[in-house]
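Notes follow the structure.
The values are calculated or read from the model by the stated rules, or taken from the named source; none is laboratory data. Keep in mind the model is a prediction, meaning the values are calculated, not measured. Cβ placement follows ideal geometry from the backbone for every residue including glycine, while neighbour counts extend to all protein chains displayed. For the accessible areas, the whole protein counts, side chains as well, though only heavy atoms, and no ligand, DNA or RNA atoms are used. Shrake-Rupley method; radii C 1.70, N 1.55, O 1.52, S 1.80 Å.
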Amino acid sequence: MQENRSEGAYSEELVEKSLWIALSSIHGIGSQTFCQLLKTFGNPSNIFDASYSQLKETVSDAIATEITKGVNHDALSDSLRWLSQSNNHLVTLADTQYPQALLEITDPPAFLYAKGNLALLNQPSIAIVGSRNASVQGEKNAEAFAQGLSEYGLCIVSGLALGIDGAAHRGALKAKGSTIAVVGTGLDIVYPAKHRDLAHQIVEHGLIVSEFALSTPSKPQNFPKRNRIISGLSLGCLVVEANLQSGSQITARLSAEQGREVFAIPGSINSPMSKGCHQLIKQGAKLVDSLQDIVEELDLSKQDSNISEISSDEIKTNHAILTLMGYEPITLENLVNLSGLTVSEVSSMLMLLELEGSVASLAGGKYQKIV
């Protein structure tokens with residue numbers, strides 16, 4: 001890759017895409033103003049060609065003045081270099097790949113930076129979100145629900161944060177399903193840094209998107225904006241663990257405002273991480289204690305795909321575990337010995353069977369088949 005390339009060294013398509021970035025970089029142009037300009041002039045090229053008097057009919061004096069100064073092509077060089085690299089994309093409102101679900105929300109982003117499989121932007125999806133400081137059980141729940149919902153053909157959408165978000169992405173990848181990470185930084189930054197390896201896995205098997213310019217650092221004000229995209233892409237939002245003041249509460253509220261379903265997993269009345277979920281349930285969110293609750297609400301059915309074929313094999317193995325359990329309570333250790341599988345494998349199967357409502361977790365680390 002050449003370090004210094006003139007505008008003429010890039011394709012006409014990339015240069016045209018860069019005009020979207022140039023327009024968004026003008027102070028005062030947010031998603032709503034950008035969309036209004038597009039409705040008036042059609043595309044960024046026409047917007048930059050418009051006269052001051054024409055622009056003044058749509059935007060303020062200050063914005064019209066900045067637009068008429070033209071495009072600073074030198075300032076776009078980093079963006080053009082990034083876009084010219086394999087697997088990097090800018091998906092605009094003018095593109096057929098733009099997610100149709102986002103067109104239903106009140107303030108869709110004019111464009112998204114994207115890295116990975118663009119086809120996922122229009123696949124049926126569900127958001128799974130929750131606390132960054134999640135409990136071990138909360139992360140297990142998020143991973144298991146993500147794995148199970150992936151097997152029903154849903155793409156798992158989350159925010160790449162620590163805790164529940166990371167677990168949701170891992171669950172989707174574990175099921176060999178698809179996942180989208182919506183981040184609050186530029187796509188040339190991985191935040192949090194601990195999720196660098198996970199981010200690479202998502203790019204390989206899924207998609208990472210952002211509406212923020214390259215090199216945009218993590219800032220608190222970015223995440224509420226990010227959250228409207230997480231909810232907007234999805235049929236519904238599952239909150240696994242959340243305190244009363246969490247960003248997950250914002251995502252759930254946005255989901256409700258956007259006409260999406262809201263689901264919440266209850267927990268101990270003594271846990272701060274359960275209070276947000278309990279509040280959502282009081283406000284009308286659907287209480288979820290098994291995968292079937294979401295499957296029925298969204299009217300899902302198993303998909304005829306490679307994902308479902310793999311899932312069917314896993315389900316057969318899970319049901320073999322059910323046979324080994326008999327009808328009396330049994331410990332995890334005994335199931336490991338009877339099955340010849342690892343502790344991790346049996347734990348994962350038991351979690352999925354719990355979500356299906358086939359197994360109950362008892363005191364003392366025992367499990368019992370539900371007849």
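Amide H to amide H, with H built 1.01 Å from N, C155 comes under 5 Å of S125, I126, counting only residues 5 or more places away or on other chains.
Both radii come from the Cα set of the range 1-118: Rg as radius of gyration, Rh as Kirkwood radius; their ratio Rg/Rh reads 0.97.
Averaged over its residues, the chain has an accessible area of 47 Å² per residue, based on protein heavy atoms and a 1.4 Å probe. Calculated over the range 202-308, the projected area of the Cα convex hull averaged across directions stands at 8.7 nm².
Farthest toward the positive end of the dipole of the chain, out of C155, A199, G184, is the Cα of G184, where the dipole comes from beta carbon charges about the Cα centre.
Per-residue ellipticity at 222 nm, computed for the chain from helices alone with -39500 (n - 2.57) per DSSP H run of at least four residues, works out to -13500 deg cm²/dmol.
If you take every residue apart from G357 with its C-beta less than 13 Å away from the C-beta of G357, what net charge results, scoring Lys and Arg +1 and Asp and Glu -1? Don't skip to the end; give the middle numbers.
Values: positive: K369; negative: D289, D293, E296, E354, E356.
Within the 13 Å Cβ shell, the charges total -4.
Relative contact order for the range 1-118: 28 percent, from Cα pairs under 8 Å spaced at least 6 residues apart, divided by residue count. Residues whose amide H comes within less than 5 Å of that of A161, counting only those at least five positions distant or on another chain, are G166 (H built at 1.01 Å from N in the peptide plane). Site pair A94 and S268 shows an inter-label distance of 5.6 nm when each label is modelled 7 Å from Cα along Cα→Cβ.
How large is the charge dipole for the chain, taken about the Cα centre, if only the Cβ atoms of Lys, Arg (+1) and Asp, Glu (-1) carry charge, to the nearest 20 debye? Display every interim value, and only then the final one.
Numbers: 27 positive and 39 negative charges, 167 e Å.
So the magnitude is around 800 debye.
Of the solvent-accessible surface of the chain, computed with a 1.4 Å probe and all protein chains present, 48% belongs to carbon and sulfur.
Once the convex hull of the C-alpha atoms of the chain is built, how many Å³ does it hold per residue, rounded to a whole number? Before the final figure, lay out each step's value.
Details: hull volume 55.6 nm³, N = 371.
That works out to 150 Å³ per residue.
As a test, work out the antiparallel percent of DSSP beta bridges whose residues both lie in the chain, rounded to the nearest 5.
On the way: 14 of 32 bridges.
Of the beta bridges lying entirely in the chain, close to 45 percent run antiparallel.
Put simply, the convex hull of the Cα atoms in the range 77-186 casts, on average, a shadow of 7.8 nm².
Reducing the range 325-371 and the range 228-286 to their Cα centroids gives an inter-centroid distance of 29 Å.
Students often get this wrong, so check it: of K225/K282; K194/K366; K17/K194, which have C-alpha atoms separated by over 27 Å? Walk me through the numbers before you get to the answer.
On the way: K225/K282 25 Å; K194/K366 34 Å; K17/K194 32 Å.
Too far apart for the 27 Å limit: K194/K366; K17/K194.
Highest mean packing first, where packing is the average number of other Cβ atoms within 10 Å per residue, the peptides 161-173, 352-364, 98-110, 119-131 line up as 161-173, 119-131, 98-110, 352-364. Under 5 Å from the amide H of V262 lie the amide H atoms of C237, K286, each residue being 5 or more positions distant or on a separate chain, with H modelled from the backbone and absent for Pro and chain starts. In terms of its Cα atoms, the range 127-170 spans 29, 19, 12 Å along the principal axes, sorted from long to short. Taking all protein chains as they are arranged and a probe of 1.4 Å, the heavy atoms of K69 leave approximately 140 Å² accessible to solvent.
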